[in-house]
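Data first, discussion second: the structure below is written as structure tokens.
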Amino acid sequence: MRTRTRVAVVGLLLVLCSAGAGAALARESQLKAVVVVRDLPTDAILSHTDIALRSLPSRAVPRHVVTRMSLAVGRRLLGPIARGDALSQERFATSPTPRNALHMTITVDAATASTIARGDRVDVWCAAPPNGINSQREVRQAARALSVLSVSSAAGALDSAAVLVAVPSVEVPALIAAQAEGAALLLTRRP
């Protein structure tokens, strides 16, 4: 009999604990967040059919969560996302990649690469080599607000990195010509 009583008491305690935990979860604050309603791949452009507004426990909501559907529609995802995940600003490209963009790799020093991340917008500057008469390098802006697609170590080099950027196709010939003339391409991150 004592064993049955102990089992009954333990069972009653488990029921009470789970009821208490359920009540605590019910009292937990809820936040509205935009979530995806199906799995989406990298570079997907969000539409109204891809997202929904749901109440989530505040502990499950990421920092910089998107709270209005209008702020997500038309945005491009930087990476894949699973159904039910809440959207945060970090999941989006900071600027849409132009449809007429080409991908171009620009090699930069490691210090510059450490300030640039996927999704950042960057400006490209051309630093022309000094000519024989003038020892000054001419630096001019070559392209504005390009989307960074990836940053990785340059092949075989520890002190440089390869940055893959989406370049509007009209800018590509000037950048290629600058490189052919020996100009260094420099990147600066836009705030």
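The values are calculated or read from the model by the stated rules, or taken from the named source; none is laboratory data. Just so we're clear, the structure is a prediction, and the values are computed from it rather than from any experiment. Every residue, glycine as well, gets a Cβ built from its backbone with ideal geometry; the counts of neighbours run over all protein chains shown.
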Problem - Unique residue being closer than 11 Å to Ala86 by Cβ and polar (S, T, N, Q) when the list is Thr49, Thr67, Thr42 - result: Thr67
Exercise for the section: Tell me, please, whether a residue that is modelled with pLDDT under 80, within 16 Å of Val163 (Cα to Cα) and in contact with a strand residue (DSSP E or B) (Cβ under 6 Å, 6 or more places away or on another chain) can be found in the stretch 108-119. Expected result: yes
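Where residues in the stretch 62-85 are among the aliphatic types (A, V, I, L, M) and farther than 24 Å from Asp120 by Cβ, which of them is surrounded by the fewest Cβ atoms within 10 Å (Cβ to Cβ)?
So the residue we want is Ala82.
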Practice task
Give just the number: which of (1) modelled with pLDDT of 85 or more; (2) closer than 30 Å to Val165 by Cα does Asp43 not satisfy?
Solution key: (1)
